[in-house]
1. Ala27 is checked against (1) surrounded by fewer than 10 Cβ atoms within 10 Å (Cβ to Cβ); (2) at pLDDT below 85; (3) among the small types (Gly, Ala, Ser) and fails just one. What number does that condition carry?
2. Any idea how many residues of segment 26-36 are aliphatic (A, V, I, L, M), closer than 20 Å to Lys4 by Cβ and in a loop (DSSP other than H, G, I, E, B)?
3. From the set of residues in segment 37-59 that are open to solvent by less than 100 Å² (accessible area, probe 1.4 Å) and assigned to a loop (DSSP other than H, G, I, E, B), which is farthest from Tyr71 (Cα to Cα)?
4. Against the condition in contact (Cβ under 8 Å) with a residue 24 or more places away in the chain and on the phi < 0 side of the Ramachandran plot, how does Tyr26 come out, does it pass?
5. Could you check how many residues of segment 1-24 are in a loop (DSSP other than H, G, I, E, B), among the acidic types (Asp, Glu) and surrounded by 12 or more Cβ atoms within 10 Å (Cβ to Cβ)?
Amino acid sequence: MKKKMPKFKTEEEFAEFVEKHDMADYADDLEEVKDVKISIPKQTRAMISLRIYPYLLDEIKQIAAKKHMPYQSLIQQWLAEKINEEKKAAS
């Protein structure tokens, strides 16, 4: 049985409704979205120079290759994870 979608005052109300209801019941009230343009601000990054033992770099590159990602991205991921761990431990 198809239901009629209620009117929403805010995007938050709509988001809450979507989380709690099966949208298939409201398919007749939904519009198809064809083109969506999302603007994601470019984050600036600082370039650093890091001295690292060659064997460590080789290990990092091997792990990154297994994960199909650039080794620099893997290093950034590990740093972010470690920082989050330290923040949680400190609080």
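The values are calculated or read from the model by the stated rules, or taken from the named source; none is laboratory data. Nothing here was measured: the structure is a model prediction, and the numbers come from that model. As a convention, Cβ positions derive from the backbone with ideal geometry for all residues, glycine included, and neighbour counts pool all protein chains shown. The area values use the complete protein model at the heavy-atom level, side chains included, leaving out ligands, DNA and RNA. Shrake-Rupley method; radii C 1.70, N 1.55, O 1.52, S 1.80 Å.
1. (1)
2. Taking segment 26-36 as the starting set, the residues that turn out to be aliphatic (A, V, I, L, M) are 27, 30, 33, 36.
Among the residues that remain, those that are also closer than 20 Å to Lys4 by Cβ are: 27, 30.
If we keep only those that are in a loop (DSSP other than H, G, I, E, B) too, we end up with 30.
Count: 1.
3. Of all residues in segment 37-59, those open to solvent by less than 100 Å² (accessible area, probe 1.4 Å) come to 46, 52, 54, 56-59.
Now restrict to residues that are assigned to a loop (DSSP other than H, G, I, E, B): 46, 52.
Numbers: Ala46: 17, Ile52: 13 Å.
In this case the residue turns out to be Ala46.
4. Values: in contact (Cβ under 8 Å) with a residue 24 or more places away in the chain: yes; on the phi < 0 side of the Ramachandran plot: yes.
In short, yes.
5. Keep residues of segment 1-24 that are in a loop (DSSP other than H, G, I, E, B), which gives 1-10, 21-22.
Those left that are additionally among the acidic types (Asp, Glu): 22.
Within this subset, residues satisfying the condition of being surrounded by 12 or more Cβ atoms within 10 Å (Cβ to Cβ) are none.
Residues flagged as in a loop (DSSP other than H, G, I, E, B), among the acidic types (Asp, Glu) and surrounded by 12 or more Cβ atoms within 10 Å (Cβ to Cβ) within segment 1-24 amount to 0.
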